[in-house]
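Notes to accompany the following structure.
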Amino acid sequence: MENAIRFRQIRRDKALEREIEGVLDEIKEVCHGIESAFFRFRNETDSDLIDAWIFEQAFFEARYRYLLRTAKRLGIIAIPRLKSIDCFGNES
C-alpha cells in the first residue's frame with residue numbers, strides 16, 4: 001500500500017514539473033510575442049496595421065497576466081537579477 005501511495009506521489013510530482021515547465025515556456029513565448037508586436041507597431045505606417053499590432057499586443061499582455069496568475073498558483077517564484085528587463089523593455 002505504501003508503495004502505491006509513493007508511486008502516485010511521484011507521478012503527481014512529474015505532472016506538476018511538466019506543468020511548471022510548460023508555463024515557463026509559454027511565458028517566454030509570450031514575452032517574445034510582446035516584443036515582436038511592439039517592434040512591428042513602432043515600424044508600421046499603415047493605420048489598419050497599427051490597429052492590428054495594438055490588438056495583438058493587448059492579446060499578449062492579457063495572456064501574460066494569465067500566465068503570471070497561473071505561475072503564482074503553482075508556486076513558481078522568480079529570483080530577481082541585479083538588473084533585469086521585463087517583457088515590456090522596462091529596466092528594474
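Have a look at Glu56, Glu61, Glu44 and point out the one that is farther than 30 Å from Asp13 by Cβ, of a type in the set (Asp, Glu) and either touching a Cys at 6+ places or on another chain (Cβ under 7 Å) or modelled with pLDDT under 90 (or both).
Values: Glu56 fails: either touching a Cys at 6+ places or on another chain (Cβ under 7 Å) or modelled with pLDDT under 90 (or both); Glu61 fails: either touching a Cys at 6+ places or on another chain (Cβ under 7 Å) or modelled with pLDDT under 90 (or both).
Of the residues listed, the single one that is farther than 30 Å from Asp13 by Cβ, of a type in the set (Asp, Glu) and either touching a Cys at 6+ places or on another chain (Cβ under 7 Å) or modelled with pLDDT under 90 (or both) is Glu44.
Give Arg81, Arg18, Arg73, Arg12 a once-over and let me know the one that is at pLDDT below 75, assigned to a helix (DSSP H, G or I) and loosely packed, with under 11 Cβ neighbours inside 10 Å.
Unique residue meeting the criteria: Arg12.
The values are calculated or read from the model by the stated rules, or taken from the named source; none is laboratory data. Bear in mind the structure is a predicted one, so any value in this text is a computation, not a measurement. Cβ: placed from backbone, ideal geometry, glycine included. Neighbour counts: every protein chain shown.
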